[in-house]
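Heads up: the structure comes next, in structure tokens.
The values are calculated or read from the model by the stated rules, or taken from the named source; none is laboratory data. Owing to the predicted nature of the structure, the values given are computational and were not obtained by experimental measurement. Backbone-built Cβ (ideal geometry, glycine too); neighbour counts: all protein chains shown. Protein only, heavy atoms only, side chains kept; ligands, DNA and RNA dropped before computing areas. Shrake-Rupley method; radii C 1.70, N 1.55, O 1.52, S 1.80 Å.
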Amino acid sequence: MTASDAKTLRLTGIRLPIAWEHLDLPSPVRLGDITLSQGTPGWRWEPAAPTFDAPIELLPHRDAPPVDEPRVDHVVLMVPDLDAAIEVMADANASPRLRTRVRGRPMAFYRVGTILEVIESPVRNPSLYGIALVTAEPLETAALRLRALGNDVGDPHDAIQPGRRIMTVRGFEAGLALMSPEGAAPSDAEDQLP
């Protein structure tokens, strides 16, 4: 590992109020470089967490069995002030890959191992909102399988990103979506900034 690699900010753990076993996953579970666990929102960063003034608990390292499928597509963080969040991330040595508006909301996207989608929203404090997982399994098949496990699953539909599809899994206290792997960029992004 080079000196510059040591400074690369990476999100390595997420805890959300999502019962992963309801999705036929172990809990905790490691998807790629990220360990997912169930409980009050928390996160783990390497080499150190950005210092948001937020009630997001910092998690210790936790071993978990790896699973090849699904993978983490992105994690959603809601913030009251996008400019202030960008400053916090800059202090942690991370710059947005894209700053834009989607459906009228200011957003910034970071590559921190996975993608961190930071959305300005009328919240009191920064908060972990949810997670999107990507699966190679056809979404219609995944919807049937998850419904058979007793989950409330929305119908798959086109995502914002061209060529991708998405569906929501409801009934948890955090946002959860499954996405298809094709495509990459938001289609109705407005006002793209450098």
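When Y110 is tested against (1) part of a strand (DSSP E or B); (2) open to solvent by less than 30 Å² (accessible area, probe 1.4 Å); (3) closer than 21 Å to T168 by Cα, only condition (3) is not met.
Within the range 77-92, is even one residue of a type in the set (G, A, S), touching a helix residue (DSSP H, G or I) at 6+ places or on another chain (Cβ under 8 Å) and within 26 Å of A159 (Cβ to Cβ)? Within the range 77-92 (the criterion being of a type in the set (G, A, S), touching a helix residue (DSSP H, G or I) at 6+ places or on another chain (Cβ under 8 Å) and within 26 Å of A159 (Cβ to Cβ)), the answer is no, since none of the residues qualifies.
Report whether or not P156 is under 19 Å from the mean Cα position of the chain (by Cα) and modelled with pLDDT of 95 or more. It is true that P156 is under 19 Å from the mean Cα position of the chain (by Cα) and modelled with pLDDT of 95 or more.
In this structure, R145 does not satisfy being open to solvent by 50 Å² or more (accessible area, probe 1.4 Å), in contact (Cβ under 8 Å) with a residue 24 or more places away in the chain, touching a Pro at 6+ places or on another chain (Cβ under 8 Å) and of a type outside the set (S, T, N, Q). Given the condition out of contact with any Leu (no Cβ under 6 Å at 6 or more places or on another chain) and closer than 17 Å to G130 by Cβ, answer yes or no: does some residue in the range 1-10 qualify? Within the range 1-10 (the criterion being out of contact with any Leu (no Cβ under 6 Å at 6 or more places or on another chain) and closer than 17 Å to G130 by Cβ), the answer is no, since none of the residues qualifies.
For the range 84-104, the criterion of being within 22 Å of L176 (Cβ to Cβ), outside any loop (DSSP other than H, G, I, E, B), of a type in the set (A, V, I, L, M, F, W, C) and open to solvent by 20 Å² or more (accessible area, probe 1.4 Å) is met by none of the residues. Elements of the type strands (runs of 3 or more DSSP E) sitting completely within the range 1-61 and holding at least 1 residues that are of a type in the set (D, E, K, R) and either at pLDDT 95 or above or surrounded by fewer than 16 Cβ atoms within 10 Å (Cβ to Cβ) (or both): these cover 10-16, 29-31, 42-46.
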